[in-house]
Amino acid sequence: MGVSGCGKSTVGAWLGQQLGMPFYDGDDFHPAANKQKMAAGVPLTDTDREPWLGRVGELLAGKDASGAGVPPIVACSALKRRYRDLLRSYAPDVVFIHLVGTPDTIGARMDARSHEFMPRTLLDSQFAALEELEADEAHVLGDITQPLDVLVESLELKLKSADAVTVGPKATLPGAAQTA
């Protein structure tokens, strides 16, 4: 989880490969209307996001297209507590992996890439919407200024460690859904 440009897709895909868990990019599940709105520089509303978050929740619950039922890693911004609560309503044991960076660092990354529908101009609105994870939300943090291999290894160790999850039953991997 995190704002656009923090590395959710890259880190999530690599972490999924390391842990032997399926990976889905939540952006792939946005309806066309959401993508068009963002491409025009218009932030999504909670109403726009709700059906999309429901689909992401289904994925986290292991309801993928193949029906395999394997909990995956899903890249999803999950910026607000209410969005994370909705995701937990589908997958109560989800562990949020928050990729943390400064607006300057993430803005520079966004300037160096092209994205199908997420312009740099929406970054400020994403940081404004971001609500920090609370103590009762199972999570780990990842510092995006680390080299990618170091970041992924550090997240893998945190997720496997008995101290990685802040609340509830400890996640055992693979098996607990993750959102990066």
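Being open to solvent by less than 60 Å² (accessible area, probe 1.4 Å) and either at pLDDT below 95 or not basic (Lys, Arg) (or both) is the filter here; which residues of region 88-99 pass it? So that I can check it myself, show each step before the final result.
Initial filter on region 88-99 (open to solvent by less than 60 Å² (accessible area, probe 1.4 Å)): 88, 91, 94-99.
Selection gives Ala91, Val94, Val95, Phe96, Ile97, His98, Leu99.
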Checked against (1) assigned to a helix (DSSP H, G or I); (2) touching a residue at least 60 places away in the same chain (Cβ under 8 Å); (3) under 23 Å from Asp111 (Cβ atoms); (4) open to solvent by 20 Å² or more (accessible area, probe 1.4 Å), Pro43 satisfies every condition except (1)
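Among the residues of region 52-73, are any polar (S, T, N, Q), surrounded by fewer than 19 Cβ atoms within 10 Å (Cβ to Cβ), free of Cβ contacts under 8 Å to residues at least 12 places away in the same chain and part of a helix (DSSP H, G or I)?
Step one: filter region 52-73 for residues polar (S, T, N, Q), giving 66.
Checking which are surrounded by fewer than 19 Cβ atoms within 10 Å (Cβ to Cβ) leaves us with 66.
Remaining after also requiring free of Cβ contacts under 8 Å to residues at least 12 places away in the same chain: 66.
Retained after the next criterion (residues that are part of a helix (DSSP H, G or I)): none.
The answer is no, given that none of the residues of region 52-73 is polar (S, T, N, Q), surrounded by fewer than 19 Cβ atoms within 10 Å (Cβ to Cβ), free of Cβ contacts under 8 Å to residues at least 12 places away in the same chain and part of a helix (DSSP H, G or I).
Going through Arg55, Arg81 one at a time, which residue ends up being out of contact with any Leu (no Cβ under 9 Å at 6 or more places or on another chain) and over 19 Å from Gly142 (Cβ atoms)?
Working: Arg81 fails: out of contact with any Leu (no Cβ under 9 Å at 6 or more places or on another chain).
Answer to the selection: Arg55.
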Sort out which residues of region 140-157 are part of a helix (DSSP H, G or I) and touching a strand residue (DSSP E or B) at 6+ places or on another chain (Cβ under 8 Å), and write them in order of number.
Leu151, Ser154, Leu155
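The values are calculated or read from the model by the stated rules, or taken from the named source; none is laboratory data. What you are looking at is a predicted structure, and each value in this text was computed from that prediction instead of being measured. Because the Cβ atoms are built from the backbone with ideal geometry, glycine has one as well, and the counts that use them run over all protein chains shown. Surface areas here come from the heavy atoms of the whole protein model, side chains and all, with no ligands, DNA or RNA. Shrake-Rupley method; radii C 1.70, N 1.55, O 1.52, S 1.80 Å.
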